[in-house]
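One structure is given below, encoded as structure tokens.
Bear in mind that the values in this text are calculations on the coordinates, not laboratory data. Computed from a prediction, not measured in an experiment: that's the story for all the values here. Backbone-built Cβ (ideal geometry, glycine too); neighbour counts: all protein chains shown.
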């Protein structure tokens with residue numbers, strides 16, 4: 001008698017269990033079936049995003065990439081605080097990308113190039129951050145978690161590329177895709193919002209009419225960036241530090 | 001050695017409260033400056049995206065380094081068995097804790113998000129020396145508190161040697177951690193050197209001793225307590241030796257750098273062409289901060305006057321602040337070698353065009369915050385000696401007996 005009851009109980013439990021499992025799993029299944037946006041999936045290490053910058057195509061005096069970045073990430077919305085000295089403010093305002101002109105010490109050859117976060121495989125900014133706010137995503141993007149950044153600026157001390165900016169003032173206006181706040185550090189995040197919405201380019205790349213900037217997946221041997229990197233030599237800035245940067249340069 | 005008696009600092013109430021009032025005003029100014037900077041954001045300071053750590057860091061690191069050094073006087077007794085120093089241990093402990101609290105306050109109030117301190121206490125990246133330092137600093141306060149207790153409570157006296165050893169080892173690790181904040185930075189030419197940690201330790205010996213001497217002489221003088229000459233001379237001689245040791249480390253640091261061609265430009269910047277940083281290095285740090293005080297304390301006549309010892313201690317402290325300025329600000333002002341075989345001729349982000357140093361003009365708010373931190377440290381010390389039995393009633397030579405160390 002008791003074994004019969006147990007049997008029935010067991011059957012009921014397994015049906016109930018299946019039903020519960022289906023309730024939990026089904027939405028996920030349907031989401032997949034509906035081809036949801038990539039943002040519903042965790043970031044994977046199968047890809048590593050990076051950029052190739054062909055400095056031979058870069059034109060002196062052009063700063064389209066800077067303008068494109070500023071517009072995309074709401075940096076153009078920033079205004080100097082009332083009473084701020086314009087020159088001092090210019091040193092304090094954030095920049096995610098800037099143009100730099102360098103002259104070779106031996107040959108005197110002048111090269112113009114854009115500089116931004118180099119998205120290192122081993123980022124010094126991540127190493128020194130006390131709270132873990134400075135982090136590297138599985139897909140290679142190095143960025144700041146502004147919820148836990150305490151504004152200590154140690155990452156800015158440690159970055160060999162001077163790629164980071166501190167927000168020195170109150171922010172009146174900002175974009176949903178690029179939140180920012182006084183007292184936190186930020187830098188180029190390879191237009192991470194585009195990654196999470198399935199975009200395939202960065203704002204600086206789109207803005208560059210000379211085709212000097214190429215964004216893509218370094219891990220995919222078939223991607224355009226990988227093919228280009230295989231074709232000709234490329235340079236890492238401060239290669240001596242062995243940070244294995246995700247941003248590579250050609251022509252310097 | 002006779003039995004040492006300790007008694008609360010017995011200066012007259014109006015004098016005591018007057019002192020606290022003066023320090024209170026300085027602390028209030030520092031607090032208001034911090035509020036002002038926090039309310040507006042760092043744009044009201046001289047800091048920018050090139051020089052990211054300013055004068056507050058200079059003061060904070062200086063106070064933290066001095067804090068660990070101030071504990072040495074106690075450690076000489078419990079670790080190295082120098083009995084003469086035992087009577088000095090309690091003041092050493094309270095001064096060390098006070099200086100650390102002052103330094104930490106400045107550091108925390110200069111954060112971009114000081115209200116997120118709780119985040120720093122709950123989320124850790126253990127690869128960061130900053131994260132380690134949070135434990136080292138908090139641990140230091142706890143360990144020194146226990147150490148003080150073993151000095152003051154007879155029932156705990158049997159743990160005194162152990163507590164002393166733990167505190168001494170801890171303070172060495174702490175200053176190693178502070179020096180490594182710079183030592184671990186590979187990106188900047190002036191840092192990224194293992195010698196930073198031991199150099200900071202030896203600097204802490206000097207600055208801690210200078211603070212200690214000043215506080216000891218001041219509190220004893222105000223209270224009319226006798227302070228034996230031999231004991232005082234011993235301490236001032238130690239100050240001179242520590243200053244000489246700092247000089248040695250600075251020499252080794254720069255000589256090592258000068259040997260490597262990659263560092264020549266940085267060395268030229270600090271030692272010859274760096275404008276304000278070069279002046280501060282030679283005049284402020286080397287001459288006024290080390291050579292002159294050494295000359296004073298080892299001078300047969302000057303070194304035996306209270307005025308001379310006070311001047312030497314003040315100069316060592318001034319030199320210490322200047323040293324931190326040269327290290328912290330000078331190290332940032334020198335352009336980073338982003339393109340080692342190239343010269344930057346134009347930049348949209350002030351990258352040190354043509355090797356020009358990066359610009360920083362400190363604001364008054366930053367100085368007020370830093371000085372406020374010093375006032376916090378002094379207030380905590382004075383309140384401590386007023387409320388607790390930390391100061392010996394007498395440090396006459398017959399009582400401490402320097403011949404039986």
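Compute the long axis of helix B:55-70 from its Cα atoms, compare it with the longest principal axis of the Cα atoms of chain B, and write down the angle in degrees, 0 to 90, nearest 10.
Between the helix axis and the principal axis of chain B, the angle is about 30 degrees.
Describe numerically, in nm with one decimal, the distance between label points set 7 Å from Cα along Cα→Cβ at residue A:193 and at residue B:145.
Each label point is offset 7 Å from its Cα along the Cβ direction, giving 4.7 nm.
Which value, in Å³ per residue, describes the convex hull spanned by the Cα atoms of region A:49-250?
Considering the Cα atoms of region A:49-250, their hull volume per residue is 133 Å³.
Rounded, prolate or oblate: which fits region B:1-127 when a ≥ b ≥ c are the square roots of the eigenvalues of the alpha-carbon gyration tensor, with rounded for a/c under 1.5 and prolate only if a/b beats b/c? Show your work: numbers first, answer last.
Details: a/c = 2.88, a/b = 1.62, b/c = 1.78.
Since a/c reaches 1.5 but b/c is at least a/b, the shape of region B:1-127 is classed as oblate.
In whole angstrom, how far apart do the alpha carbon centroids of region A:70-103 and region B:135-171 sit?
Result: 50 Å between the Cα centres.
Can you put A:131, B:305, A:176 in order, fewest other beta carbons within 10 Å first? Intermediate values should be presented prior to the final figure.
Working: A:131 24, B:305 12, A:176 7.
Result, fewest neighbours first: A:176, B:305, A:131.
How much length is gained on full extension from residue A:79 to residue A:104, taking 0.36 nm per residue of separation minus their Cα-Cα distance?
Here the segment from residue A:79 to residue A:104 would lengthen by 5.4 nm.
Could you give the angle, 0 to 90 degrees to the nearest 10, between helix B:13-40's Cα long axis and the longest principal axis of the Cα atoms of chain B?
Computed tilt is about 20 degrees.
Kindly put B:5, A:193 in sequence by how many other C-beta atoms sit within 10 Å of each C-beta, fewest to most.
Arranged by neighbour count, lowest to highest, B:5, A:193 become B:5, A:193.
With springs connecting C-alpha atoms under 10 Å apart, model chain B as a Gaussian network and identify which of B:218, B:168, B:59 has the largest mean-square fluctuation.
Highest fluctuation among the options: B:218.
Between rounded, prolate and oblate, where does region A:184-252 land on the alpha carbon gyration tensor, with a ≥ b ≥ c its root eigenvalues, rounded for a/c under 1.5, else prolate if a/b exceeds b/c?
In terms of gyration-tensor shape, oblate.
Is the shape of region B:114-267 best called rounded, prolate or oblate, per the rule: a/c under 1.5 gives rounded, else a/b larger than b/c gives prolate, else oblate, with a ≥ b ≥ c the square roots of the Cα gyration tensor eigenvalues?
The shape class here is oblate.
Name the residue, out of B:97, B:152, B:209, whose mean-square fluctuation peaks in a Gaussian network model built on chain B with Cα pairs under 10 Å.
Between B:97, B:152, B:209, it is B:152 that shows the largest mean-square fluctuation.
Which one of B:335, B:357, B:300 has the biggest mean-square fluctuation once chain B is modelled by GNM with Cα springs under 10 Å?
B:300
Ignore the peptide's own chain and count Cβ atoms of other chains within 10 Å of each Cβ in B:330-342; give me the average, rounded.
4
Please report Rg (one decimal) and Dmax (integer) in Å for the Cα set of the protein assembly as shown.
Both quantities, over Cα of the protein assembly as shown: 29.5, 109 Å.
Is there a simple number for the mean count of other chain Cβ atoms within 10 Å of the Cβ of residues in B:112-125, and what is it?
Mean partner shielding for this stretch: 6.
I'm a student and want to see the number: the projected area of the Cα convex hull of chain B, averaged over all directions, in nm². Working shown, then result.
Values: hull surface 82.4 nm².
Over all viewing directions, chain B projects a mean Cα-hull area of 20.6 nm².
Taking the Cα centre of each part, how many Å lie between region A:162-197 and region B:257-320?
When both Cα centres are located, 43 Å separates them.
Give the average, rounded to an integer, of partner chain Cβ atoms located within 10 angstrom of each Cβ in B:127-136. Write out the running numbers ahead of the final one.
Working: counts 6, 12, 4, 7, 5, 1, 1, 2, 0, 0.
What the average comes to for B:127-136 is 4.
Set the Förster distance to 51 Å, then compute FRET efficiency between residue B:118 and residue A:122 from the Cβ-Cβ distance, nearest 0.05.
Calculated value: 0.95.
Provide the packing ranking of A:154-167, B:374-387, i.e. peptides ordered by the mean count of other C-beta atoms within 10 Å per residue, highest first.
On the way: A:154-167: 24.6, B:374-387: 21.2.
In decreasing order of mean packing, A:154-167, B:374-387 become A:154-167, B:374-387.
What's the exposure ranking of B:17, A:89, B:53, going from fewest to most Cβ atoms within 10 Å?
B:17, A:89, B:53
Helix B:306-325 versus the longest principal axis of chain B: what angle, 0 to 90°, nearest 10, using Cα atoms?
Helix B:306-325 sits roughly 30 degrees off the main axis of chain B.
Output the peptides A:225-232, B:225-232, B:319-326 sorted from most to least packed, where packing is the average of other Cβ atoms within 10 Å over each peptide's residues.
The most tightly packed comes first, giving B:319-326, B:225-232, A:225-232.
Mean residue ellipticity at 222 nm from the helices of chain B, using -39,500 (n - 2.57) per DSSP H segment of n ≥ 4 over the full residue count, to the nearest 500 deg cm²/dmol?
Calculated from helices alone, the mean residue ellipticity at 222 nm is -20500 deg cm²/dmol.
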